[in-house]
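Heads up, the thing below is written out as structure tokens.
The values are calculated or read from the model by the stated rules, or taken from the named source; none is laboratory data. Computed from a prediction, not measured in an experiment: that's the story for all the values here. Reconstructed Cβ throughout: ideal geometry from the backbone, glycine too, with neighbour counts over all protein chains shown. Just so you know, the surface numbers come from the protein's heavy atoms only, side chains and all, with ligands and any DNA or RNA stripped out. Shrake-Rupley method; radii C 1.70, N 1.55, O 1.52, S 1.80 Å.
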Amino acid sequence: MIDIEKCHITHYPAKVLLQASKPVEEIDDNIHQLVDKMIDIMIENKGIGLAAPQVGVGLRLFIISLDGTRELTKVYVNPTVTSTGGLETLEEGCLSVPGISTKIRRYTKCEVKAVDLDGNEFGEEAEGLLARALQHEYDHIEGFTIVNRMGQTAKIVNRKQLKKLKEEHEA
Ligand code: CO
């Protein structure tokens, strides 16, 4: 049972962000409540996607809303994302890595298979911003953040902020 009231944004290097999440076993009321809370948190923070570990829950579930609205929010439970196409480098940020915006190389296309909140399997082919968001959120449930994807130069450029996040975590 997840205590929804206790869900709040987790920041790098919180442990829940650094380890692979576990599959959702049953899409019950508690999972529906979690998704509602995640949508609230995503909108509050002006995000376009949010993964369960980012609210402290180590489950394989994420949401994406490319225009940042509740209406267009899509829920992906137990997803698999397979990347295809070429590589493209674009600026990215993450609500769990505040204060850092950095160039991340990702595939231009991907395929996602997942289950929706009604328990129905679905598949999508994505490109552009959706493909990038899917890869970013999938990284979260695999235990990766943009910090893992940053090159050496970006790590050096952002070293002060990374140090600050580590110190805040230890405090
Ligand atoms: Co993120």
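Below, the figures for the structure above:
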item	result
Filtered residues of segment 29-58 (kept if buried (at least 20 other Cβ atoms within 10 Å of the Cβ) and within 13 Å of H140 (Cβ to Cβ))	M38, M42, G47, G49, L50, A51, A52, P53, Q54, V55, V57
Residue list for segment 137-156, restricted to those being more than 10 Å from the ligand (Cβ to nearest atom) and not in a helix (DSSP H, G or I)	G143, M150, G151
Selection within segment 137-161 - open to solvent by 70 Å² or more (accessible area, probe 1.4 Å), hydrophobic (A, V, I, L, M, F, W, C) and under 20 Å from K15 (Cβ atoms)	F144
Top-ranked residue of segment 112-136 - restricted to ones that are in a helix (DSSP H, G or I) and either open to solvent by 90 Å² or more (accessible area, probe 1.4 Å) or not small (G, A, S) (or both), ranked as nearest to the ligand (Cβ to nearest atom)	H136
From T73, T89, T84, residue being without any contact (Cβ under 8 Å) to a residue 24 or more places away in the chain and open to solvent by 20 Å² or more (accessible area, probe 1.4 Å)	T89
Tally, over segment 51-75, of residues that are over 12 Å from the mean Cα position of the chain (by Cα), assigned to a loop (DSSP other than H, G, I, E, B) and not polar (S, T, N, Q)	6
Segment 21-48, residues that are within 18 Å of the chain's Cα centre (by Cα), not small (G, A, S) and not in a helix (DSSP H, G or I)	K22, P23, V24, N45, K46, I48
Criterion (over 24 Å from A154 (Cα atoms) and open to solvent by 20 Å² or more (accessible area, probe 1.4 Å)) met by exactly one of P98, P23, P79	P23
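Condition check ((1) within 14 Å of the ligand (Cβ to nearest atom); (2) over 20 Å from V112 (Cβ atoms)) across all residues:
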site: M1; (1), (2): no, yes
site: I4; (1), (2): no, yes
site: H11; (1), (2): yes, yes
site: L17; (1), (2): yes, yes
site: A51; (1), (2): yes, no
site: L87; (1), (2): no, no
